[in-house]
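Okay, so here's the structure we're looking at.
Every number here is computed from the coordinates shown, using simple stated rules; none is lab data. Please read these numbers as outputs of a predicted model, since none were measured by experiment. Ideal geometry is used to build each Cβ from the backbone, glycine not excepted, and the neighbour counts take in all protein chains shown.
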Amino acid sequence: MIIIAGYSLMKTIEERDASVAAFAAMVERARKQDGCVDMAITADSIDPMRSNILEIWRDEQAWKAWRKIAKGPRSRPREIRVSLYRSEVVENLA
């Protein structure tokens with residue numbers, strides 16, 4: 001399983017909201033891709049400049065196939081922090 005998690009910080013709330021909205025179509029496409037467990041780019045509930053980024057893919061092959069066709073919109077965050085995690089263990093908690 002591939003997990004990509006992080007955040008971006010924009011200069012204004014308006015830029016943050018525009019960025020989240022601009023990525024909505026890409027998120028929708030990703031969720032339809034084979035191997036996408038979940039994807040979200042959302043406004044943070046505490047920091048008005050922050051967008052949270054989360055991608056979860058079944059495996060590296062599915063993630064790499066998506067990266068070849070993703071073509072997201074351009075944005076200019078003030079700061080971006082994103083990490084990639086790999087895991088072979090999955091536990092269903094609910």
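In the chain, Cα pairs under 8 Å separated by at least six residues give a relative contact order of 46 percent. The Cβ shell under 15 Å around M26 holds other residues with a net charge of +4, Lys and Arg each +1, Asp and Glu each -1.
With a cut-off of 12 Å on the backbone N, the residues of segment 2-35 near the modelled label site 7 Å out from K71 along Cα-Cβ are 26. Adding -39500 (n - 2.57) for every DSSP H run of four residues or longer, then dividing by how many residues the chain holds, sets the calculated 222 nm ellipticity at -10500 deg cm²/dmol. From the largest down, segment 38-86 spans 35, 22, 15 angstrom on the principal axes of its Cα atoms.
3J(HN,Hα) along segment 62-70, derived from phi through the Karplus expression 6.51 cos²θ - 1.76 cosθ + 1.60 where θ = phi - 60°, amounts to 5, 5, 5, 4, 5, 4, 5, 10, 4 Hz, with x in place of Gly and Pro. For the chain, the fraction of C-alpha pairs more than 18 angstrom apart is 47%.
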